[in-house]
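S.K.: Attaching a single structure in structure tokens format; questions to follow.
The values are calculated or read from the model by the stated rules, or taken from the named source; none is laboratory data. Model, not experiment: these values are computed from the prediction. We place every Cβ from the backbone using ideal geometry, glycine too, and count neighbours over all the protein chains shown. What goes into the accessible areas is simple: the full protein's heavy atoms, side chains included, and nothing from ligands, DNA or RNA. Shrake-Rupley method; radii C 1.70, N 1.55, O 1.52, S 1.80 Å.
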Amino acid sequence: QVQLVESGGGLAQAGGSLRLSCVASGIIFSIHTMGWYRQAPGKQRELVAVITIGGSTNYADSVKGRFTISRDSAKNTLYLQMNSLKPEDTGVYYCNAAPIPYEQGSSYSYWGQGTQVTVSS
């Protein structure tokens, strides 16, 4: 059974930092592209950051230079370091695991339950 369990969300002030974690089980972590998505109230879920099997990363323009995605295959864990947080970063953050060759967020990928991030101004 595949499980993705996020943690690390919470309340932060604007300009502050949070670090999200996603522990994966039931999958071969090393053959999955991993990503973070977020969904703000009343908005569609959007891609925040992706990291490939080889460690290449890609970020949404809105978080470039502030967020860093990383993965630790030895711990089957995905991370998102979020710095210089802004109120518009508020939302539920979801972890996604896509087995190659499928794309992030596709129907063949797996989702965590989400963790709430709230940034106050």
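S.K.: With the checklist (1) farther than 12 Å from ALA24 by Cβ; (2) out of contact with any helix residue (DSSP H, G or I) (no Cβ under 6 Å at 6 or more places or on another chain); (3) open to solvent by 60 Å² or more (accessible area, probe 1.4 Å) in hand, flag the one item LYS75 doesn't pass.
M.R.: If we test LYS75 against (1) farther than 12 Å from ALA24 by Cβ; (2) out of contact with any helix residue (DSSP H, G or I) (no Cβ under 6 Å at 6 or more places or on another chain); (3) open to solvent by 60 Å² or more (accessible area, probe 1.4 Å), just (1) comes out false.
S.K.: Looking at GLY55, GLY35, which one is part of a strand (DSSP E or B), small (Gly, Ala, Ser) and touching a Ser or Thr at 6+ places or on another chain (Cβ under 9 Å)? Before the answer, list the steps.
M.R.: Details: GLY55 fails: part of a strand (DSSP E or B).
Just one listed residue meets the conditions, GLY35.
S.K.: Quick check, is LEU11 part of a strand (DSSP E or B), touching a strand residue (DSSP E or B) at 6+ places or on another chain (Cβ under 7 Å) and surrounded by 13 or more Cβ atoms within 10 Å (Cβ to Cβ)? Let's see the steps before the verdict.
M.R.: Working: part of a strand (DSSP E or B): yes; touching a strand residue (DSSP E or B) at 6+ places or on another chain (Cβ under 7 Å): yes; surrounded by 13 or more Cβ atoms within 10 Å (Cβ to Cβ): no.
Against the criterion (part of a strand (DSSP E or B), touching a strand residue (DSSP E or B) at 6+ places or on another chain (Cβ under 7 Å) and surrounded by 13 or more Cβ atoms within 10 Å (Cβ to Cβ)), LEU11 does not qualify.
S.K.: Can you tell me which residue is surrounded by the fewest Cβ atoms within 10 Å (Cβ to Cβ) among those in region 78-103 that are of a type outside the set (A, V, I, L, M, F, W, C) and assigned to a loop (DSSP other than H, G, I, E, B)? Before you say what the answer is, go through the steps one by one.
M.R.: At the first step, the residues of region 78-103 found to be of a type outside the set (A, V, I, L, M, F, W, C) are 79, 81, 83-84, 86-91, 93-94, 96, 99, 101-103.
Still in the list and also assigned to a loop (DSSP other than H, G, I, E, B): 83-84, 86, 90, 101-103.
Working: ASN83: 14, SER84: 13, LYS86: 14, THR90: 19, PRO101: 8, TYR102: 14, GLU103: 13.
Per the criteria, the residue is PRO101.
S.K.: Against the definition (outside any loop (DSSP other than H, G, I, E, B) and of a type in the set (Gly, Ala, Ser)), how does SER70 come out, yes or no? Show your work before the answer.
M.R.: On the way: outside any loop (DSSP other than H, G, I, E, B): yes; of a type in the set (Gly, Ala, Ser): yes.
So SER70 fits the description; yes.
S.K.: What are the residues in region 20-67 that are open to solvent by 30 Å² or more (accessible area, probe 1.4 Å) and within 10 Å of the chain's Cα centre (by Cα), if any? Before you say what the answer is, go through the steps one by one.
M.R.: As a first pass, look at region 20-67 and keep what is open to solvent by 30 Å² or more (accessible area, probe 1.4 Å): 23, 25-26, 28, 30-31, 39, 41-47, 52-59, 61-62, 64-65.
Of everything in region 20-67, just one residue is open to solvent by 30 Å² or more (accessible area, probe 1.4 Å) and within 10 Å of the chain's Cα centre (by Cα), namely LEU47.
S.K.: What number of residues within region 104-121 are open to solvent by 60 Å² or more (accessible area, probe 1.4 Å) and either within 10 Å of the chain's Cα centre (by Cα) or in contact (Cβ under 8 Å) with a residue 60 or more places away in the chain (or both)? First the steps, then the outcome.
M.R.: Narrowing region 104-121 to residues open to solvent by 60 Å² or more (accessible area, probe 1.4 Å): 107-108, 110-111, 113, 116, 121.
From what is left, the residues that are either within 10 Å of the chain's Cα centre (by Cα) or in contact (Cβ under 8 Å) with a residue 60 or more places away in the chain (or both) are 110-111, 113, 116, 121.
Qualifying residue count for the region: 5.
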